[in-house]
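Read the structure below first, then the notes.
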Amino acid sequence: MATRIPFYSFEYQNQQVKKEVQQVLLDVFDSAWYILGERVAQFEKEYADYIGVKHCIGVGKGLDALKISLRVLGIKPGDEVILPANTYIATLLAVSEIGAIPVLVDPDISTFNIDPNKIAAKITAKTKAILPVHLYGLPCDMDAIANLANQHGLFIVEDNAQASGALYKGRKTGSFGHVNAHSFYPTKNLGCLGDGGAITTNDDEFARQVRMLRNYGSEVKYKNELLGYNSRLDEIQAAVLSIKLPYLEQWRKEKALLAAAYFKGLQDISPIQLPADVATDYTHSHHLFVVHVLHREGLAAYLKNQGIETLIHYPIPAYRQQAYIGAGFNPHDYPVTEKMTSEILSLPLYPGMKLEEVEQVISLIRQFTF
Ligand SMILES: *Cc1c(COP(=O)(O)O)cnc(C)c1O
């Protein structure tokens, strides 16, 4: 009997950092300083250097990073923000939460990313920003998006939640937009031990306002200039992230080898369409390995029977969720999202997954009668 293969496992990553993490948890405990201390400042500096930007500000979670990014750009109720129709609901919620109007754009079916050719038609006098999402870890076409933003005087906010470590034309994603959002949710490429997030920017004033917004709108204690939030990365999470950051590139490379094995093993199976084989300008973070499959439900059930866990990202588009009933979205406006939603399947891929395990998934898929 073949071994079970989970969709994701922390085992390998955790083992690599376990000793250091155990020590730092005790150190933070003993330090008696838990919020906005030197460990947060230290990680912010390291992550800013890693991404290649001037400022990084730790926040409580990726959703807050998005929301606060939009706030510092002055986006207000009634303003329009353009984002991909097939993103995780967090991107859409961030726009809704600040009262702005989300304007959805279908993706390119081969990259899963927002289709730059469909953006211009959605730009109106009310449009304030484009919010590209590097979905599954593949960078968006940032040149095309920057051109549109420049032409129309729009801000760019990158949703880099799935793409820590990805590069576009040699530059890290999360360094292209005016203000950019990152998530350190445990299963993201760089994950902490709970919720965590960050904002990156090269702009001093935006950075100052993000620092205020994450901390009750205050720069000087007990003086509140802005209607802020309580959304701070805490010392424990920052300390753990500082330990894990130096491993991020190694983990990405390990996942890239596994993804290449999937490519090689599945390329001649016609009912399976592989994700876009990324061109030289794009370095994938390999957050998720998502294929299109004919007869997906059958394949997923068969793999489950064989002990292989798969998932769907995402089984219901955000705009069709019950929470958005009455918001005026029409599924007919997003035919590409609708089509991909019925076909996509995410195969197991995580740091520490063995090449033999990928081979096992491939071999089982090859035995399946589509
Ligand atoms: C995970 C995720 C978020 C939200 O991050 P949290 O830290 O869970 O709040 C936002 N956008 C995308 C695309 C994500 O995958």
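The values are calculated or read from the model by the stated rules, or taken from the named source; none is laboratory data. As the structure is a prediction and not an experimental result, all values here were calculated from the model. For neighbour counting, all protein chains shown are included, and Cβ atoms are generated from backbone atoms with ideal geometry for every residue, glycine included.
Descriptive notes on the structure:
- Selected residue (criterion: farthest from the ligand (Cβ to nearest atom)) from residues of the range 188-206 that are more than 16 Å from G60 (Cα to Cα) and touching a residue at least 40 places away in the same chain (Cβ under 8 Å): D204
- F184 meets the stated requirement of being in contact with a Cys (Cβ under 8 Å, 6 or more places away or on another chain) and either crowded, with 18+ Cβ neighbours inside 10 Å or over 30 Å from S110 (Cα atoms) (or both).
- Residue that is surrounded by the most Cβ atoms within 10 Å (Cβ to Cβ) [pool: residues in the range 261-277 that are in a loop (DSSP other than H, G, I, E, B), of a type outside the set (A, V, I, L, M) and over 23 Å from the mean Cα position of the chain (by Cα)]: P271
- Count of the range 326-362 residues, restricted to those that are assigned to a helix (DSSP H, G or I) and free of Cβ contacts under 8 Å to residues at least 40 places away in the same chain, is 4.
- Exclusive hit being more than 16 Å from the ligand (Cβ to nearest atom) and closer than 20 Å to I75 by Cα, set L257, L227: L227
- Residue that is farthest from the ligand (Cβ to nearest atom) [pool: residues in the range 135-173 that are of a type in the set (D, E, K, R) and under 19 Å from S183 (Cα atoms)]: R171
- Breaking point among (1) surrounded by 16 or more Cβ atoms within 10 Å (Cβ to Cβ); (2) among the charged types (D, E, K, R); (3) closer than 26 Å to I236 by Cα, for E38: (1)
- Filter pass, L26 being away from the ligand (no atom under 16 Å from the Cβ) and either at pLDDT 95 or above or polar (S, T, N, Q) (or both): yes
- Flag for T280 being surrounded by 21 or more Cβ atoms within 10 Å (Cβ to Cβ) and away from the ligand (no atom under 16 Å from the Cβ): no
- Residue pairs meeting the criteria (Cβ under 7 Å; at least 6 apart or on separate chains; first under 9 Å from D195 (Cβ atoms), in the range 52-63; second more than 8 Å from the ligand (Cβ to nearest atom) and assigned to a strand (DSSP E or B)): G62/H182
- Of all residues in the range 70-80, one or more are buried (at least 21 other Cβ atoms within 10 Å of the Cβ), within 16 Å of the ligand (Cβ to nearest atom), touching a residue at least 24 places away in the same chain (Cβ under 8 Å) and outside any strand (DSSP E or B).
- Tally, over the range 6-34, of residues that are in contact with a helix residue (DSSP H, G or I) (Cβ under 9 Å, 6 or more places away or on another chain), part of a helix (DSSP H, G or I) and within 11 Å of I236 (Cβ to Cβ): 7
- Residue in the range 302-312 that is surrounded by fewer than 20 Cβ atoms within 10 Å (Cβ to Cβ), away from the ligand (no atom under 16 Å from the Cβ), assigned to a helix (DSSP H, G or I) and of a type outside the set (D, E, K, R) present: yes
- Residues considered: E44, E97, E11. Of these, the only one that is within 16 Å of the ligand (Cβ to nearest atom) and among the charged types (D, E, K, R) is E97.
- Filter result for Y185 (over 30 Å from N147 (Cβ atoms) and touching a residue at least 60 places away in the same chain (Cβ under 8 Å)): yes
- Criterion (touching a Lys or Arg at 6+ places or on another chain (Cβ under 6 Å), part of a helix (DSSP H, G or I) and under 23 Å from G228 (Cα atoms)) met by exactly one of A65, A90, A94: A94
- Each residue in the range 229-243 was checked for being touching a helix residue (DSSP H, G or I) at 6+ places or on another chain (Cβ under 7 Å), surrounded by 20 or more Cβ atoms within 10 Å (Cβ to Cβ) and not hydroxyl-bearing (S, T, Y), and 7 of them qualify.
- Candidate set from the range 283-300 (those that are assigned to a helix (DSSP H, G or I) and exposed (fewer than 15 other Cβ atoms within 10 Å of the Cβ)); member that is nearest to the chain's Cα centre (by Cα): E297
Results for (1) over 24 Å from the mean Cα position of the chain (by Cα); (2) over 22 Å from G352 (Cβ atoms); (3) in contact (Cβ under 8 Å) with a residue 24 or more places away in the chain, shown as yes or no for each residue.
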site: R4; (1), (2), (3): yes, no, yes
site: F7; (1), (2), (3): no, no, yes
site: E11; (1), (2), (3): no, no, yes
site: N14; (1), (2), (3): no, no, no
site: K19; (1), (2), (3): yes, no, no
site: L25; (1), (2), (3): yes, no, yes
site: V40; (1), (2), (3): no, yes, yes
site: K45; (1), (2), (3): no, yes, no
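- P132 vs. criteria within 14 Å of the ligand (Cβ to nearest atom) and at negative phi: yes
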